[in-house]
1. Please report, ordered by residue number, the strands (runs of 3 or more DSSP E) entirely within the stretch B:3-119 with at least 3 residues that are crowded, with 16+ Cβ neighbours inside 10 Å and more than 11 Å from chain A (Cβ to nearest Cβ).
2. Looking only at helices (runs of 4 or more DSSP H) that lie completely in the stretch A:1-98, which have at least 3 residues being on the phi < 0 side of the Ramachandran plot, hydrophobic (A, V, I, L, M, F, W, C) and within 16 Å of the chain's Cα centre (by Cα)?
3. If you scan the stretch C:55-72, which residues turn out to be touching a residue at least 12 places away in the same chain (Cβ under 8 Å) and assigned to a loop (DSSP other than H, G, I, E, B)?
4. Give the residue, chosen from C:83, C:33, C:76, that is free of Cβ contacts under 8 Å to residues at least 24 places away in the same chain, of a type in the set (A, V, I, L, M) and either over 19 Å from residue C:248 (Cα atoms) or part of a helix (DSSP H, G or I) (or both).
5. Hey, can you tell me all the residues within the stretch C:36-52 that are crowded, with 24+ Cβ neighbours inside 10 Å and out of contact with any Phe, Trp or Tyr (no Cβ under 9 Å at 6 or more places or on another chain)?
6. Determine whether the stretch A:184-195 contains at least one residue that is farther than 16 Å from residue A:55 by Cα, hydroxyl-bearing (Ser, Thr, Tyr) and assigned to a helix (DSSP H, G or I).
7. What are the residues in the stretch C:226-269 that are touching a Phe, Trp or Tyr at 6+ places or on another chain (Cβ under 9 Å), among the charged types (D, E, K, R) and farther than 19 Å from residue C:48 by Cβ, if any?
8. Can you confirm whether the stretch C:9-17 contains a residue that is buried (at least 17 other Cβ atoms within 10 Å of the Cβ), in contact with a Gly (Cβ under 7 Å, 6 or more places away or on another chain) and either more than 14 Å from chain A (Cβ to nearest Cβ) or at pLDDT below 90 (or both)?
Amino acid sequence: MFADFDKKELTGLAFLLFLGISTPYLFSGYRIQMAELFLFMVYASTWNIQGGKMGYNTFGNIVFFGVGMYVCASTQIAVAFPLGEWTAAGGYKTFVHTPQQYFLGIPLGILLAGIVPAIIALIIGSALLVLRGHYFAIGTLGLGIASGEFATSLEIIGGGQGMTVPFWPKVAGLPHAFLGGGVNFFFTLSFLLFLAVFFFLRWLYKTRFGLILTAIRDNEDKAESMGIPTMHYKVTGWVFSAFFMGIAGGIFGNINGYIEPTEVAFAGATVGVFMVLMTILGGKGTLWGPIIGAFIFQLFKEFFWTYFLGWQLVALGALIIGIIIFFPEGIMGMLRQKYPALFGEVVDEEARLAQVTINTDD
Amino acid sequence: MTKILEVTDVSKAYGGVKANEDISLSIDQGSIVGLIGPNGSGKTTLFNSIVGAHPIDKGSIKFNNEELSTLTVDQISRRGLLRTFQQTKIYGQMTCMMNMKISKKLTGKFSDMFQTIPKEVEEEAEQILSFVGLYQKRNLRAGELSFGQQKLLELAMALINAPKMLILDEPTAGINPTLINGIVDRLIKVNKKYNITLFVIEHNMRVIMNLAQKIYCMAYGRILAEGKPEEIKNDKKVIDAYLGAAH
Amino acid sequence: MILLQAPFLNLQALLDGLMVGAIFAFVAYGMALVWGVMNIINIVQGEFVILGGYITFTFYKMGLSPFIGIPFSFLLLFCLGFLIYRTIIFRVVSRDMFISILATFGISIVVQQLMNIGFGSQVETANSGLGTSFLFDGNITLSHIKIFSFIVCLLGASAVIYFMKTSKLGRAIRATAQNARAARILGVDTEKVYCYTYAINAAICGLAGSLVAMTYTLHPYIGLPYTVRSFMIVIVAGLGNFPAVLASGLGLGTIEEFSAYTLGQEYRIGFVFLMLVLILVYRSRKLAKKREYLK
């Protein structure tokens, strides 16, 4: 599997591995930002399956993120205490998990955080993926926001106040000491999730599945008339995104410590937009584009949030506009224009120049 | 001779216009059949009806004795009935080779989705690309091919999908005369060598008279005449339709 | 169900629905204009409305009658629309629609945040001082400002339609909407047409916003629901005619009011977005039967 990596990929991967392994020791002040970074890479990479590869721009993947977050936390809580009481009585301040309960809750929670959104994607997929283009975009936007509103009304998960996540158990001599405490643990989880997503997508894009996603993007009608059962591919792709986004949500909920329906879980205005932006910035439709985009975006974000506090969202909006207008192909897109050979393409300059393009802008 | 396609009393109306009215025709397996008629006579509508691009108002369409009118486009394509488009459809952002690789017919198993495309498919693609004369361009982005080359690519993509019958909508439209001969030769080879039945819409009379064994002529949404090329050429109704005599 | 037992509640919901629906329809008409002429879905539509509302509200806060704010909201938003077109929108007009959706989305975030910084995040309203009527022994409340805004919306829409039919610019806009390239060949300056269309839409939003400020409430973050409502109305009514837009707008307003009465006000926004999804899925299902899809 490592045999077909080229030099540039190996360098990039080595760099990310370095970051992942060394952060708890060398960059311990930035563990949360690094965890966020790897999660960003997951958000962007999974969005890319629909948005970049398949051409279905979705604002709805945040639904899977939010559902995963709530499912994970609820499972972690529910293995020990009734959920409704937890949320009503102030969470971890009132109820304390024993280490056994905590470490049972986590793998169970993470697992369900992946499975439940995947099932949701399976169910709503065939209804929503009939929509195309901007109808799909706006329809999924509506779904994302409606989910947040719906979550705000559910008292058992805390309603508008949200809920807290179980706290890392303070018992010496247990895994706690070994893993360096809660932050290290969840940082490592986000790093591992990223690696899983990376290798999974790297494999997936080389199979027929990856090619057909691009075919759907280029000419969905043609794909259908060539006998491809496009809906199967569309839904399966969404199920994959849902699975990984759900787990990402579960991990993030634990890192954040508390979950709030519209700002943290179904954060359409932040995470939901970030995932689109990062992918476009790095380059839609490629494996490394979202990763590069996430990296650069995280740098921007930390910069804005530190120096423009209060105005950071204004700066974010301006960034969106700037990228869209001046940089829509993203970094990978720019590279592809300049060095097509890197992408296995041959450009016949004569043929390209001979093409007469009629400006169709009506 | 078995009939591979049987169309019976098919009608289709679009917003008040009767694009197809009581169309009945049949095509023998292994033959080449032409469909001619002036613009607006409903030829493409009929093709669209056959391949399932829209539902029909009434009638029946049987392919290898199976009713098609209730099936979707991809279901029909998987049964071996493929079409090419008047406005050529290919995957513009992908290379020709990739266009070919994803056009290979699937076995229908779920695991097909995740298969790494085997070497044999690539070899077969190269073979077919050579056949249509696009081997040199195999790593070029399909969108950058010339108009005629795209038509050939579309044909190649159909071939690697191993259809039993191919419906071609104006395969020589807009092509320069030298390339037209090349396309006609290849179509004849495709029919003889691969035993693919062809149903062709054409406006180029020279081409269709040489290519087809049987020709249907449509006008105003109906079948006007059918017969061998010689008969059709001299059929007064056909001549009138093209020259616009009173209906 | 409570509604069936309370005819007055029904009537109240109906009246409130019609009156808010007129505003929805007016704003939707502006969105349809921009969509039809330049093929852009203006995500910042709702923020334009709220901004127009804040402008009128500012006059109220200064102690003046908010009615004075109406022409200012209209004109200032016209200028803002003009400015935004000339700086940003013109660059995305000829490109992929998703690009324009993202670009206008970015603008909406900027405007939203600036409003948050400038006007604060508390809910505001501008009291018009017009008073209320009570009918049927006080069972039905009819605030006069709502009647006023209903009339203004209809008049405003009629004015825009009249402008479209009679003025030179209006005819140029309609020609461009039908076929931009042909219009250009015939000498129409399509850039100018796009610019003025966008500005007129912004002005429409501004005017609607000033009415919203007086009849309902303002908050920096309630722009998006207005955008979504306009989008829904345009999908249902199509880009062509105002009567359809009006009917859909009134219908939407009424449905919203009834849902607010039955489910509670706090579910109103969620309900709006859920309806969006349902409408889209329903429309596409209907088209799928004909083996087509929403374009």
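The values are calculated or read from the model by the stated rules, or taken from the named source; none is laboratory data. Please read all numbers here as calculations on a predicted model, not as lab measurements. Neighbour counts run over all protein chains shown; Cβ positions are idealised from the backbone, glycine included.
1. Numbers: elements: B:3-14, B:17-28, B:32-36, B:58-63, B:81-83.
Result: B:3-14, B:17-28, B:32-36, B:58-63.
2. Details: elements: A:7-26, A:31-48, A:61-78, A:83-88.
It comes to A:31-48, A:61-78.
3. C:65, the sole residue that qualifies.
4. Details: C:33 fails: free of Cβ contacts under 8 Å to residues at least 24 places away in the same chain; C:76 fails: free of Cβ contacts under 8 Å to residues at least 24 places away in the same chain.
Of C:83, C:33, C:76, the one residue that is free of Cβ contacts under 8 Å to residues at least 24 places away in the same chain, of a type in the set (A, V, I, L, M) and either over 19 Å from residue C:248 (Cα atoms) or part of a helix (DSSP H, G or I) (or both) is C:83.
5. As a first pass, look at the stretch C:36-52 and keep what is crowded, with 24+ Cβ neighbours inside 10 Å: C:37-38, C:40, C:42-52.
Across the stretch C:36-52, the qualifying residue is only C:51.
6. So in the stretch A:184-195, the residues farther than 16 Å from residue A:55 by Cα come out as A:184-195.
Imposing the further condition that a residue be hydroxyl-bearing (Ser, Thr, Tyr) reduces the set to A:188, A:190.
After this cut, where a residue has to be assigned to a helix (DSSP H, G or I) as well, the list is A:188, A:190.
Yes.
7. C:256
8. Looking through the stretch C:9-17, at least one residue is buried (at least 17 other Cβ atoms within 10 Å of the Cβ), in contact with a Gly (Cβ under 7 Å, 6 or more places away or on another chain) and either more than 14 Å from chain A (Cβ to nearest Cβ) or at pLDDT below 90 (or both).
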